[in-house]
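I have placed the structure first, in the form of structure tokens, so that the comments after it can refer back to it.
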């Protein structure tokens, strides 16, 4: 009953409660073929729980997950044949050799013997592990381990890939290589759902879903998010002393938000043109020397901070 | 040694123990379980030995003879059968341990006099039970013999004869020869061995495994403070468990306590130091919790169970195994704890064993500190 | 389906046999424990340390005492002259039995009065005491019997040969020499298999859960049954191999006879191992960490062993505990082991035990498989 018209991944009002704690609160989501969807959010926001429900590892308390056209709760085995999953914790066998891990997962995924050789070498190529077939997996550097784990998760050429913080603890170069792999697969039509809390990684995604306290608080392409999600303009303020400037700005009514970024401040105001002169005056009155004050394009991190603080304030209020 | 650092470690340890289900199970449920399992499961006072009877005569006399078997608590006559195959099958199947066959001319033979042979087929698979059934059967037959002999002599017109010999047996310390009185104090030693080494080896190995030990070491805390701080809570738990077990022994199993509490706690303290240090050594050396617990089990529980005289008497073992038992601290503690419970022995009589325990305690504490230092460098 | 199970099996075997240490752990400890148990586990009592105190010092009293010294059961360690020394020696644990003959012993006998043999037994070890009391009674009874016969022969030579007496014609079957190794060695086989299979199975699953690989396997299309089969078949085979190994040690090293058929033992072992796999799996479903699995395993193993009749007979346990033993698979397997080894019986006798194990295996495996979920919550 696989229907090519329906999206490969659909979540409808997914809810997961652990006792009294609501980890995921009515999440709705659709991911299209070949799309790379990034789940962004602070620790404990419910990203991993959502992914685990979509893979059938956790049973949803309410709502429905449809993956590859099948209801995950009803036909988990059909779903599992068509998905690949990689968890945040490295979960291959450290005490097996590289090739033994590959063959083990190939057998679990029913990779036919006729194509086994070809898949093995494909994974080895992809993970850059040629010549390392009989290395004990536990002795590989962590970047290599991650690529091997990805390779093992896609041995059966799944059309949907779930990656739960796949690059935690991996150096930047390995991370870039890893993302290149993901994009190659997406280009071949694989739908990828990935959770991360690296902002630079989020930029690699076609679409971002921001999750906070179990809910989706924003979604869209990185560009859309940067433009639309923030109300007002963002100013970069370089000044001295920083601490006093922070105090002053927090007390200024027209400043919506202020945060320290390195040795400068990011200030959110409704209107940049009007605010710059007023803020300069207010700061110099208090003896703060301003060396630079200019509007900048918000980064994803700004969006992220802005949205979560807004939501946090809502949640408290 | 600084008190505030020491108490901080102890506090942390207590919080962790109270939040860890397996630890709590070991502390609370393990003593109860072992007490009940051994208190009820190990029985030397063999009773109710299942008996089958094949009475080929079925006379008044033979029935009278068999009544003597039925009357004692040692035997339980399960069934009377009327053919050999049934007896043999019962022995094969383990339905009885003893089968008694009375000859078809039993009463006739008794009347004419002379020795009358009664067959006892014994399932000697369990040699100990077999031995005991033989002793008991002999005793039953002796009593019966006395009755028929006196009767016979009277009929022959002989004066009533006195029995030439009586044996006046006094059993000291455990008058009713109950196993529980023997086994239950021993279980206290087993439990201390399990708790002491099992629990410490697990928690310390866990600290290494999770990397929190490195964090601890990087603080100004000294290795000595660390060791003492980690072990004191377990020491206290060990003593509480000991008290719990002693309480169960006295009030649940009715084992008499005849010694002095001071001697009891002194020996328990020494033995606890031994097992805790042993557990500490194991956990420092072992790489993982799993390895630590397995080694701890093999290093403490098995010897305490097998080679301490808990169930199997040491003096019956082959000479080289007897030699090995001298290296098992539980052996000395087993002697002390049984003597304190049942004999009420005081320190002068226990000096050798206490001294041996003290030497082990000292040696193992030093070893534990050394091992820890070595691991650090 | 077969491909996936085959994949699981290959993986499990690679992991088990990868390094020397785990290879050794599979086969080393069973053999070592078998050897230690085989030598240490005995409830036989010989050479009981004995003190004698002969105030009569007559030909008759010496004759009686010589019957004790001549037997293999009593070793005279001290000849005393003051009865206060008895208490001292017993308190110190240097002797277990003291025999005391008071002045006038020979005279009483001569006069036809009842002479008295006083015996003091340290019963703090109830097993030794029980057996000692049994031997004392047997020796004394035989002495009395003979004395009476001799006296009767002197006074009334005509009737003496006709005095009736019942003689126990003992026929210990299966273990004619009452050798305790013959009893314990088959039992140890059962114990070792139990401990090995339960803990290996429980650890195998829990370890995967702890290191996170279980999660990875759960998202693959492998079915519950395939996973469970893949996890248990290796331990089933290892269990069978270990059974063979320790059985060989029992037969070749300890010389325990093997009288039954290997086929019957194999059926029993298979059914028993299935029960243990069920329990191991069950433990893995209730444990999140290896530490918890270890503790749960201990909680199962200890009572399973003590209530199986491994050391002391079930018929001597309190009645409600006897009922509990019907749930203990080891109870049945010990019957099978001892039946096959010593009695040489086959299925015609052991079918109830086999069916009980089969039923228990079915129940335990069903419960464990039903409880085993392919999800994290």
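Any read-out appearing in this document is the output of simple, stated calculations on the displayed coordinates, not a laboratory observation. What you see is a predicted model, and the numbers here were worked out from it, not measured in a lab. Cβ placement follows ideal geometry from the backbone for every residue including glycine, while neighbour counts extend to all protein chains displayed.
Return the equivalent ellipsoid semi-axes of the protein assembly as shown as a descending list in whole Å, where each equals the square root of 5 times an eigenvalue of the C-alpha gyration tensor. Could you put the intermediate results ahead of the total?
On the way: eigenvalues 1185, 242, 94 Å².
With the √(5λ) rule applied to the protein assembly as shown, the semi-axes are 77, 35, 22 Å.
Can you give the helix-only mean residue ellipticity at 222 nm for chain C, where every DSSP H stretch with n ≥ 4 adds -39500 (n - 2.57) and the sum goes over all residues, rounded to the nearest 500 deg cm²/dmol?
Working: 14 runs with 239 residues, N = 377.
Computed ellipticity for chain C at 222 nm equals -21500 deg cm²/dmol.
Working only with C-alpha atoms, what are the Rg and Dmax values of region C:23-96, expressed in angstrom?
20.0, 67
If one puts a single equal scatterer on every Cα of region B:1-68 and applies the Debye formula without solvent, what log₁₀ I(q)/I(0) results at q = 0.11, 0.12, 0.26, 0.28 Å⁻¹?
At q = 0.11, 0.12, 0.26, 0.28 Å⁻¹ the computed log10 ratios are -0.60, -0.64, -1.07, -1.12.
When only alpha-carbon atoms count, how far does region B:240-352 stretch along each of its three principal axes, as whole angstroms with the largest first?
44, 36, 27
What average number of partner chain Cβ atoms lie no more than 10 Å from the Cβ of the residues making up B:88-99? The partial results should precede the final answer.
Working: counts 1, 3, 1, 5, 10, 10, 13, 1, 1, 2, 1, 2.
So the per-residue partner count for this stretch is 4.
For peptide C:323-335, how many partner chain Cβ atoms fall within 10 Å of a residue's Cβ, on average? Intermediate values should be presented prior to the final figure.
On the way: counts 0, 2, 1, 0, 0, 0, 0, 0, 0, 0, 0, 2, 3.
Counting other chains' Cβ atoms within 10 Å and averaging over C:323-335 gives 1.
When only alpha-carbon atoms are used, what values of Rg and Dmax, in angstrom, describe region B:207-280?
16.8, 52
So what is the relative contact order for region C:1-135, in percent, with contacts set as C-alpha pairs under 8 Å and at least six apart? Don't jump to the answer; show the numbers that get you there.
Values: 141 pairs, mean separation 31.2, N = 135.
The normalised contact order for region C:1-135 reaches 23 percent.
Could you state the angle between the C-alpha long axis of helix A:172-187 and the longest principal axis of the C-alpha atoms of chain A, as a value from 0 to 90 degrees rounded to the nearest 10?
Helix A:172-187 sits roughly 60 degrees off the main axis of chain A.
On the first, second and third principal axes, largest extent first, how far apart are the outermost C-alpha atoms of region B:1-136 in Å?
Extents along the principal axes: 92, 27, 22 Å.
Determine the shielding of peptide B:21-30 by partner chains: average, over its residues, the number of Cβ atoms on other chains within 10 angstrom of each Cβ. Don't skip to the end; give the middle numbers.
Working: counts 6, 9, 2, 1, 5, 5, 0, 0, 2, 4.
The shielding value for this peptide is 3.
Divide by every residue of chain B the summed helix terms, -39500 (n - 2.57) for each DSSP H run of at least 4, and state the resulting mean residue ellipticity at 222 nm, rounded to the nearest 500 deg cm²/dmol. It would help to have the intermediate numbers written out before the result.
Numbers: 17 runs with 233 residues, N = 377.
The helix contribution divided over chain B gives -20000 deg cm²/dmol.
In the calculated pair distance distribution of region A:120-242, what percentage of Cα-Cα distances lie above 25 Å?
Numbers: 2842 of 7503 pairs.
Everything past 25 Å amounts to 38 percent.
Hey, could you get me the Stokes-Einstein D for region C:270-315, Kirkwood radius over alpha-carbon pairs, 20 °C and 1.002 mPa s, rounded to whole µm² s⁻¹?
On the way: Rh = 11.6 Å.
Translational D for this selection: 184 µm²/s.
Over its Cα atoms, what ratio of radius of gyration to 2.2 N^0.38 Å does chain B give?
Working: Rg = 28.5 Å, N = 377, 2.2 N^0.38 = 21.0 Å.
Here the answer is 1.36, to two decimals.
Could you give me D for region C:240-347, from Stokes-Einstein at 20 °C and 1.002 mPa s, where the hydrodynamic radius is the Kirkwood radius over C-alpha pairs? Units µm² s⁻¹, please. Each step should come with its number before you reach the end.
On the way: Rh = 15.3 Å.
In µm²/s, the coefficient is 140.
Note down the relative contact order for region C:216-323 as a percent, whole number, built from C-alpha pairs under 8 angstrom at least six residues apart. Present the calculation step by step, with values, prior to reporting the outcome.
Working: 26 pairs, mean separation 19.3, N = 108.
In percent, rounded to a whole number, it is 18.
Under Stokes-Einstein, with the Kirkwood radius over Cα pairs standing in for Rh, what whole-number D in µm²/s applies to chain A at 10 °C and 1.306 mPa s?
Details: Rh = 21.7 Å.
Using the Kirkwood radius from Cα pairs, D works out to 73 µm²/s.
What angle do you read, to the nearest 10 degrees and between 0 and 90, between the alpha-carbon axis of helix B:329-338 and the longest principal axis of chain B?
60 degrees
Would you please put A:9-22, B:23-36, B:213-226 in order of how densely packed they are, using the mean number of other Cβ atoms within 10 angstrom per residue and starting with the highest? Don't skip to the answer; put the middle values down first.
On the way: A:9-22: 15.6, B:23-36: 18.7, B:213-226: 14.0.
Top to bottom by mean Cβ count within 10 Å: B:23-36, A:9-22, B:213-226.
Using only Cα atoms, find the angle between the long axis of helix C:347-371 and the longest principal axis of chain C, and express it within 0 to 90 degrees, rounded to the nearest 10.
It works out to around 40 degrees.
For every helix of n ≥ 4 consecutive DSSP H residues, a contribution of -39,500 (n - 2.57) applies; sum these over chain A, divide by its total residues, and give [θ] at 222 nm rounded to the nearest 500 deg cm²/dmol. Please list the in-between numbers first.
Details: 11 runs with 122 residues, N = 317.
After summing the helix terms and dividing by the residues of chain A, the value is -11500 deg cm²/dmol.
Run through all the Cα pairs of region A:252-304 and give the fraction in each 5 Å bin from 0, expressed as whole percent.
Spelled out bin by bin, region A:252-304 gives 4, 16, 31, 30, 14, 4, 1 percent.
Would you mind checking the radius of gyration and Dmax of region C:56-203 based on alpha-carbon positions, in Å?
Both quantities, over Cα of region C:56-203: 22.2, 78 Å.
Could you list, bin by bin from short to long, the percent of Cα-Cα pairs of chain C in 10 Å steps?
4, 18, 22, 18, 14, 11, 7, 4, 2, 0
How many angstrom lie between the C-alpha centres of region B:22-91 and region C:10-84?
After rounding, the separation between the Cα centres reads 25 Å.
Ranked from highest to lowest mean number of other Cβ atoms within 10 Å per residue, what is the order of the peptides A:212-224, C:271-283? Walk me through the numbers on the way to the answer.
Values: A:212-224: 18.1, C:271-283: 26.3.
Packing proxy ranking, top to bottom: C:271-283, A:212-224.
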